[in-house]
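Okay, here's the structure, questions in a sec.
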Amino acid sequence: MKTFSIAIHGGAGTLVEGLMTKELEQEYKSALKNAREAGYKILEDGKSAIEAVEAAVKLLEDSPLFNAGKGSVFTAEGTHEMDAAIMDGKTLNAGAVSLVTGIKNPVSLARDVMDRSYHVFLAGEGAMTFAKNQGYEVETPDYFYDEVRYQQWQGIKDSDNFQLDHSVKKDGKFGTVGAVACDQDGNIAAATSTGGMTNKKWGRVGDSPMIGAGNYANNKTCAVSCTGSGEFFIRGVVAYDVSCLMEHKGLSLEDASNEVINKRILEINGDGGLIAVDTKGNIAMPFNTEGMYRACKSSNGKEEISIYK
């Protein structure tokens, strides 16, 4: 049997050890473990990588600990605008949504864009119309309300400042979530979801829903989900860059991931990390920040749940 594996992340950034209580650290690790195990069980049962990444990301979206779904940050208008993407490495089919509000699990909406429309990327009002046509319930704002997120916003609202969620040193609330997986058939997939940046204006969109920037999967190479300073990940076309180095330069998953995160993105002053998997079930989880919420599990016995370097 081929090696199957899953890796997940809950954001990268200034996670300084000692600034988080042991209790909160345990909550994060527990949330990561639940999501990882749910995805792994799907792979273990012989189901597809695409099903595994969607299930893992949904659980992370349902946790108020992460900046996605329920834990999404506040925009300048005091609303929540969410983005998500999903991609199937076997077919190169992909789906993405941006600037959606009231959707409990944006990753599932992204999957429906992939499976039930002729398109790849829907945004704003159009994405919401599509969601309603697909029977999605629109949650009221109080479902997404989180006191820590609210206080984070209060500190900078009515200013021109915005805050990448992971650049906050004071509290333990961090960013974008994602999952990558390789199933028993050697097919791979990636999914990413985010609530964006605190106090963001003008319908800003980061890398998370952009195929090739924050999310990518191709059976020829790898599946990648990114987290970090979105503007830099867009400019560096980071997720595709890892794949490109593997396809055209023959680099291994590990070497390509490290080249992009610890060299190429740093050269343009970008910070963050990524998780990646190839069709042999190998996993890479590099980051150039103090920490990255991450977890992985492979049928060859590899297993990890970590926060700091």
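The values are calculated or read from the model by the stated rules, or taken from the named source; none is laboratory data. Quick caveat: nothing in here was measured; it's all calculated off a predicted structure. In this analysis, Cβ positions are derived from the backbone assuming ideal geometry, glycine residues included, and neighbour counts consider all displayed protein chains. For the accessible areas, the whole protein counts, side chains as well, though only heavy atoms, and no ligand, DNA or RNA atoms are used. Shrake-Rupley method; radii C 1.70, N 1.55, O 1.52, S 1.80 Å.
Would you please list the contacts, defined by Cβ atoms under 6 Å and residues six or more apart or on different chains, that run from a residue in the stretch 6-28 that is touching a residue at least 12 places away in the same chain (Cβ under 8 Å) to a residue that is surrounded by fewer than 14 Cβ atoms within 10 Å (Cβ to Cβ) and assigned to a loop (DSSP other than H, G, I, E, B)?
Final answer for the pair search is Thr14/Lys169.
Determine which member of the set Asp171, Asp158, Asp165 is crowded, with 24+ Cβ neighbours inside 10 Å, modelled with pLDDT under 95 and charged (D, E, K, R).
Asp165
Then there's this: Looking at (1) open to solvent by 50 Å² or more (accessible area, probe 1.4 Å); (2) touching a Ser or Thr at 6+ places or on another chain (Cβ under 8 Å); (3) under 27 Å from Leu266 (Cα atoms), find the lone condition where Met1 falls short.
(3)
Still on this model: Looking only at the stretch 86-122, which residues are within 14 Å of the chain's Cα centre (by Cα) and either β-branched (Val, Ile, Thr) or in a loop (DSSP other than H, G, I, E, B) (or both)?
The answer is Ile86, Val97, Asn105, Val107.
One line per residue, one yes/no per condition, for (1) of a type outside the set (Val, Ile, Thr); (2) touching a helix residue (DSSP H, G or I) at 6+ places or on another chain (Cβ under 7 Å):
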{"position": "Glu17", "(1), (2)": "yes, no"}
{"position": "Lys29", "(1), (2)": "yes, no"}
{"position": "Leu32", "(1), (2)": "yes, no"}
{"position": "Arg36", "(1), (2)": "yes, yes"}
{"position": "Asp45", "(1), (2)": "yes, no"}
{"position": "Val53", "(1), (2)": "no, yes"}
{"position": "His80", "(1), (2)": "yes, yes"}
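For the stretch 29-58, enumerate the residues that are small (Gly, Ala, Ser) and touching a residue at least 60 places away in the same chain (Cβ under 8 Å).
Within the stretch 29-58, Ala35, Gly39, Gly46, Ser48, Ala49, Ala52, Ala56 qualify.
So which residues in the stretch 11-50 are modelled with pLDDT under 95, open to solvent by less than 20 Å² (accessible area, probe 1.4 Å) and among the small types (Gly, Ala, Ser), if there are any at all?
Across the stretch 11-50, the qualifying residues are Gly11, Ala12, Gly13.
Testing Met87 on (1) touching a helix residue (DSSP H, G or I) at 6+ places or on another chain (Cβ under 7 Å); (2) at pLDDT 95 or above; (3) buried (at least 24 other Cβ atoms within 10 Å of the Cβ), one condition comes back false. Which one is that?
In the conditions (1) touching a helix residue (DSSP H, G or I) at 6+ places or on another chain (Cβ under 7 Å); (2) at pLDDT 95 or above; (3) buried (at least 24 other Cβ atoms within 10 Å of the Cβ), Met87 misses (1) alone.
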